[in-house]
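Colleague: Following this message is one structure expressed as structure tokens.
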Amino acid sequence: KFAVEAIDLVKDYGKGENVVHALRGVNVGFERGKFTAIMGPSGSGKSTMMHTLAGLDSVTSGRVVMGWQDLTKMNDNQLTMLRRKEVGFVFQSFNLLPMFTAEQNILMPLTLAGGKVDKKWFDTLTEILGLTNRLKHRPNELSGGQQQRVAIARALIAKPQVVFADEPTGNLDSVSSAEVLGFLQRSVREFGQSVVMVTHDAVAASYADRAIVFADGRIVADEQHPTAERMS
Ligand code: ADP
Ligand code: ADP
């Protein structure tokens, strides 16, 4: 039932007197086909949570389970393969490859993982995201909003288990932000994609089905159907 789940998850950075307790025993499941926002002040553990859920960071103790796979039992090669196949990433700074066209960037996860292109899915995604006439452009010929829509298409192309979005609207104006959030929401509603988004923006969180709030390495609130008023 969960796309990804954290069980008694503890993450410390450093040792002895310099230890930082970034996650202090977190238990949370992220349901399939849901859009969940992770909120909380700077330093509360949001990025650490996302990185451990995505198999980018090791854990101190506890488990991370994605589908039927326990990430904490996997080696680096297995984790790299898992990220390429099962995880999509959307970043604040887009992170497109500048030498490649929009189309090549979108297809990059399949190029790296050696997967087959589902032409119909590619057409559907690029059509919905309004990228049909931008496919031969390179990132520096696209606006910020267009670049982020390319990044979303790239995150979704391989139909991953989970899409992780890290402050996806942090570099966008309010119009482009609304477009990007609306599309993430649509990918959940129409295609059953599971999305986990880190944000400190209450308006962004209001697009999610659920908002989890961190403070000092713990979950301190867990809201269904968050509204901007309640989350700010
Ligand atoms: P947030 O994303 O909510 O700002 P982080 O997960 O980045 O929070 O950080 C949680 C805590 O862990 C903070 O105290 C931060 O300083 C610490 N931390 C994060 N990354 C590292 C690191 N690589 N080394 C040491 N401490 C870290
Ligand atoms: P490769 O070296 O072949 O790019 P990686 O394991 O570095 O493989 O990356 C696999 C996936 O994880 C890629 O989609 C990449 O964008 C993402 N990724 C890599 N590093 C980070 C990071 N620090 N934060 C978030 N995502 C990352």
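The values are calculated or read from the model by the stated rules, or taken from the named source; none is laboratory data. A quick note: this is a predicted structure, and the numbers were derived from the prediction, not measured. Positions of Cβ are backbone-derived with ideal geometry, glycine not excepted, and every protein chain shown enters the neighbour counts. Surface accessibility is based on the protein's heavy atoms, side chains included, excluding ligands, DNA and RNA. Shrake-Rupley method; radii C 1.70, N 1.55, O 1.52, S 1.80 Å.
Colleague: Taking the range 103-208, which trypsin sites (Lys or Arg not before Pro) meet the DSSP loop condition and have no more than 11 other C-beta atoms within 10 Å? Please list the in-between numbers first.
Modeller: On the way: sites: LYS116, LYS119, LYS120, ARG134, LYS136, ARG149, ARG154, ARG186, ARG189; in loops: LYS116, LYS136.
The qualifying sites are LYS116, LYS136.
Colleague: Under the Karplus relation 6.51 cos²θ - 1.76 cosθ + 1.60, θ = phi - 60°, what is the ordered set of whole-Hz ³J(HN,Hα) values for the range 220-232, x standing for Gly and Pro?
Modeller: Computed from phi, the couplings for the range 220-232 are 10, 7, 8, 10, 8, 6, x, 10, 4, 5, 5, 8, 9 Hz.
Colleague: Tell me whether the range 1-46 comes out rounded, prolate or oblate; compute the Cα gyration tensor, take square roots of the eigenvalues as a ≥ b ≥ c, and use a/c under 1.5 as the rounded threshold.
Modeller: Oblate, because a/c is 1.5 or more while a/b does not exceed b/c.
Colleague: Here is a further query. Kindly provide log₁₀ I(q)/I(0) values, in the same order as q = 0.17 Å⁻¹, from the Debye equation applied to equal alpha-carbon scatterers of the range 1-129.
Modeller: -1.05
Colleague: In addition: Over the chain, what is the percentage of antiparallel beta bridges among all DSSP beta bridges, to the nearest 5?
Modeller: That works out to approximately 60 percent antiparallel.
Colleague: Sort TRP121, TRP68 by accessible area with a 1.4 Å probe, largest first.
Modeller: The most accessible residue leads, giving TRP68, TRP121.
Colleague: Sticking with this one: Which whole-Hz couplings ³J(HN,Hα) result when phi for each residue of the range 14-21 is put into the Karplus expression 6.51 cos²θ - 1.76 cosθ + 1.60, θ = phi - 60°, listed in order with x for Gly and Pro?
Modeller: Rounded to whole hertz, the list is x, 9, x, 5, 9, 5, 10, 8.
Colleague: Using modelled backbone amide H atoms (1.01 Å from N, in-plane), which distant-in-sequence or interchain residues come within less than 5 Å of ALA3's amide H?
Modeller: Hits under the 5 Å cutoff: PHE30, GLU31, ARG32.
Colleague: Check which residues have an amide H placed less than 5 Å from VAL163's amide H, if you skip close sequence neighbours.
Modeller: GLY88, SER194, VAL195, VAL196
Colleague: Over the range 183-232, average the accessible area per residue using a 1.4 Å probe and give it in Å², no decimals.
Modeller: Numbers: 2290 Å² over 50 residues.
Value for the range 183-232: 46 Å² per residue.
Colleague: From Cα pairs below 8 angstrom and at least 6 apart in sequence, can you work out the relative contact order of the chain, rounded to a whole percent?
Modeller: Answer for the chain is 28 percent.
Colleague: A further question on this structure: Below 8 Å, C-alpha to C-alpha, sequence gap of six or more: please give me the relative contact order for the range 1-84 in percent.
Modeller: Computed value for the range 1-84: 34 percent relative contact order.
Colleague: Please compute the per residue accessible area over the range 24-90 with all protein chains in place, 1.4 Å probe, rounded to a whole number of Å².
Modeller: Result: 45 Å² of accessible area for each residue.
Colleague: Largest first, please: the extent of the C-alpha atoms of the chain along each principal axis, to the nearest Å.
Modeller: The Cα atoms of the chain stretch 54, 43, 34 Å along their principal axes.
Colleague: Suppose the Debye formula is applied to equal point scatterers at every Cα of the range 76-162; what is log10 I(q)/I(0) at q = 0.20, 0.22 Å⁻¹?
Modeller: Values returned for q = 0.20, 0.22 Å⁻¹ are -0.88, -1.05.
Colleague: Another question about this same structure. Around ALA215, which amide H atoms from residues at least 5 apart in sequence, or from another chain, sit under 5 Å from its own amide H, with H modelled in the peptide plane?
Modeller: Under 5 Å from the amide H of ALA215: VAL220.
Colleague: Explain nothing, just compute: Karplus ³J(HN,Hα) = 6.51 cos²θ - 1.76 cosθ + 1.60, θ = phi - 60°, for every residue of the range 158-171 in order, whole Hz, x for Gly and Pro.
Modeller: Each residue of the range 158-171 in turn: 8, 6, x, 4, 9, 10, 9, 10, 9, 6, x, 9, x, 10 Hz.
Colleague: Computing the accessible area with a 1.4 Å probe over protein heavy atoms, can you report the carbon and sulfur percentage for the range 93-179?
Modeller: 52
Colleague: Under 20 Å between alpha carbons: how many lysine pairs meet that in the chain, if sequence neighbours fewer than 8 apart on the same chain are excluded?
Modeller: Counting lysine pairs in the chain gives 18.
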